[in-house]
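FYI, it's all coordinate maths here, none of it is from the lab. Predicted, not measured: the structure shown is a model, and the values here were computed from it. Every residue, glycine as well, gets a Cβ built from its backbone with ideal geometry; the counts of neighbours run over all protein chains shown.
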Amino acid sequence: MKLFEFEAKNILRKYGVVTPKGDIAKSLAEAERIARKIGKPVVLKAQVVVSSRGKSGGIIFVNDVTAAREAAVDLIGSTIKGSIVRSLLVEERVNVAEEFYASVTIDRQARRYIVLGSTTGGIDIEQVALASPDRITRHWVDPAVGFSQSMAESMVVKFSNLDKHDSVEFASILHTLHSIAMDYDAELVEINPLAKTDAGQFIAVDARITIDDNALFRHPEFQERSLVTAGDSPWEAKAKQENLTYVDLDGNIGIIGNGAGLVMATLDLVYLSGGRPANFLDVGGGAGPGVVKRAVELVISKPEVAAILVNILGGVTRCDLVAQGIIEGFNESTARKHVVVRLMGTNEDEGAHILHRAGIHTHSSMEEAVREVLKFVS
Amino acid sequence: MSILIDRDSRVVVQGITGNEGRFHTRAMLHYGTRIVGGVTPGKGGQRVEGIPVYDTVGEAVRNNSVDTSIMFVPAANALSAAFEAIDAGIKTLVVITESIPQKDAIEFIAKADRAGTVVVGPNAPGVINPGARIHVGVMPVHVFRPGVIGMVSRSGTLTYEIAWHVSNADLGQSTCIGIGGDAIVGLDFIKILDMFRDEEDTKGVVIIGEIGGNAEELAAQYIRETNYPKPVVAYVAGRFAPPEKRMGHAGAIIMGNSGTAKSKIDAFVDAGIPVAEKPSKVAELLKTLVKK
């Protein structure tokens, strides 16, 4: 789960990292009040979790309270890359002398947390890695050893342009980010840019924290919020409430299947055959009639969907229970749409029998089923 | 010869008294797997499907010289259960459990590496050797046939789909391994390719990849750089997956430009490995490449 910038900064402050003076505003009046209280040029930042928010007009710099109010009018309630702006972070503008970068993330291949620092900040770290690799320092953390302040200090030794004081400061921020990653089960903790001000202070100008969804049970303060992730489409939000693994796509063939790989392969096959899937929906392993029923109801109710393809390869999942769920889903829905079902594996014959009685055709080959469903949408 | 598991494997089931553990214990026993014990803390002394239940893995190992464990414990208990298995000297640990926090997976995989324990998973369907009739996992055994193809995959049902075509093409499988759909997994493609390399029952290898990470790219590089001696065919799921969306598996996500199907397919093609466009094509390609 991606935290909003202001949530990430709240956590950073708790760990002693300095952030620009400011507060969160949900209305014009609040934005104005915060700007007045700061009493200096401010920046208004839309609280959405999309990438390159700045390029999409989500960050506005102003010099006075009147301009702050005008910027707030533009931002609150606007939509940035599909996400509605419900709140703004209003902050003092920082006099930046230098921009750095600091993060902790997970290296999948190494199966380790990786701590990353750079003396180039404010831009995409992958660009820095390509253009000036000597300006990046990395450390892969052995979980049996952990990550200490002195390890962080040896990471920044290679930056000869940093004096002793700055080296220790930078290292201590890297060390802190690692502690946050551990304490919050974060898969990303990033400060970019990490600014050094005219006065020589290190300050987190922008911050991102992503919490591992699988660890939310250890962080109940975020668990509830995770049901309404910014960036979800209305159908994705609804699916989440129904506990279904669903992703919206822009076509007209509804797809339901069991197993992430199989459903992705089904989407691919539909596209390659000239069709356009309306969604990805994985009912998971061992799905009973209830899950399948809810899946059918959800997909059938999407207006764009002209026909539905159900692809089930039974193992732990029983085809007869899936068939039962399909029938129940259709019976509960008012929409009438074509459906093509592929059943193979455990209790395939019983499942096919249930569907045939209801007048629904079944196929045992996935490719045949895809060809069949395409007939209904051409 | 065989890899990871064989006729002599002695298996313990962690979480045997839960619904899933019980169901799959029955299925594995029926197939021929030698399950010698189960573990559920506080339920020692019971029996499940005639198998004695112990409170700890250590106890099960002392009584039965176990070398392999399959784990069905809830995600929140996975870290301590994995530690227990590693401390008890388990050689192969198959983790079926889904939704384990990445921090925990990183921790127990690191410990396993130090102890010399091989971890399959987490979020894996397991391992099957149809020739030896041993199955440590949750796969539908009827789609597999004894044969010559080594299969390795990040997925479950998609693997069964492809295995079924491979079985029908009269090739069958030597060993099939699902390494798991998470971002952090123990065994990866390269380590398994390495095991298949000199294993005489395996005449060809199938890699079933998907979007997310760069395991497929690294596998392609390994095959190219080490002059891999056996024919390899690949399939990559998620050609049309949108970026920044998790496609069911925790590990199946395109981040920025990394983890796309195109990058993986290009890497395989550059390494001279044919990539099947659809699942059924895998078996057709193998037919032309593999001599039995």
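Computing FRET efficiency as 1/(1 + (r/R0)^6) for B:Glu199 and B:Asp270, where r is the C-beta to C-beta distance and R0 is 45 Å, gives about 0.95. Restricting to DSSP H runs of at least four residues, report the calculated mean residue ellipticity at 222 nm for the protein assembly as shown, -39500 (n - 2.57) per run over all residues, nearest 500 deg cm²/dmol. So the helix-based figure for the protein assembly as shown works out to -10500 deg cm²/dmol.
Once the Cα-Cα distance is subtracted from the 0.36 nm per residue extended length, the A:Arg336 to A:Ala110 segment shows a gain of 76.4 nm. What angle, in degrees between 0 and 90 and rounded to the nearest 10, separates the Cα long axis of helix B:261-270 from the longest principal axis of the Cα atoms of chain B? That helix lies at roughly 70 degrees to the long axis.
Taking every DSSP beta bridge that has both ends in chain B, the antiparallel portion is near 20%. Look at the Cα gyration tensor of segment A:234-375: its axes a ≥ b ≥ c give a/c under 1.5, and that counts as rounded. Within chain A, the longest segment free of exposed loop sites, counting GluC sites (Glu not before Pro) that fall outside DSSP classes H, G, I, E and B and have at most 15 other Cβ atoms within 10 Å, spans A:1-223.
Remark on the protein assembly as shown: ratio of C-alpha radius of gyration to 2.2 N^0.38 Å is 1.02. Note on segment B:1-87: antiparallel DSSP beta bridges, both residues inside, total approximately 15 percent of the bridges counted. Per residue of peptide A:110-117, the mean number of Cβ atoms on other chains within 10 Å of the residue Cβ is 3. Summarising the strand pairing of the protein assembly as shown, around 55 percent of its internal DSSP beta bridges are antiparallel. Global size of segment B:11-120: 12.7, 36 Å for Rg and Dmax (C-alpha atoms, Rg to one decimal, Dmax whole). Distance between the C-alpha centers of segment A:149-218 and segment A:86-102? Whole Å please. Their Cα centres are 15 Å away from one another.
Label zone (A:Ser179, point 7 Å along Cα-to-C-beta; backbone nitrogen cut-off 15 Å) within segment A:6-41: A:11-18. The longest stretch of chain A left intact once loop-based trypsin sites (Lys or Arg not before Pro) with at most 11 other Cβ atoms within 10 Å are removed from consideration, loops following DSSP, is A:56-335. If I model a spin label at B:Arg133 and B:Asn168 as a point 7 Å from the Cα along the Cα→Cβ vector, what separation in nanometres do I get? That separation, rounded to one decimal, is 2.6 nm. Express in % the proportion of alpha carbon pairs of segment A:48-167 at distances exceeding 16 Å. The answer is 72 percent, as a whole percent. Taking 7 Å steps out from each Cα toward its Cβ at A:Glu368 and A:Gln127 produces label points 5.4 nm apart.
The Cα atoms of segment A:96-223 cover 42, 27, 27 Å along the three principal axes, with the biggest extent listed first.
With each label modelled as a point 7 angstrom along the Cα→C-beta vector, the A:Lys37-A:Arg13 pair spans 0.9 nm.
Shown is the FRET efficiency for A:Lys238 and A:Ser51, computed with R0 = 22 Å from the Cβ-Cβ distance and rounded to the nearest 0.05: 0.35.
The chymotrypsin sites (Phe, Trp or Tyr not before Pro) of segment A:1-60 that DSSP puts in a loop, and whose beta carbon has at most 16 other beta carbons within 10 Å, are A:Tyr15. Across segment A:64-140, C-alpha contacts under 8 Å between residues 6 or more apart give a mean separation that, scaled by the residue count, equals a relative contact order of 20 percent. For chain B, the square roots of the Cα gyration tensor eigenvalues, ordered a ≥ b ≥ c, give a/c of at least 1.5 with a/b greater than b/c, which places it in the prolate category.
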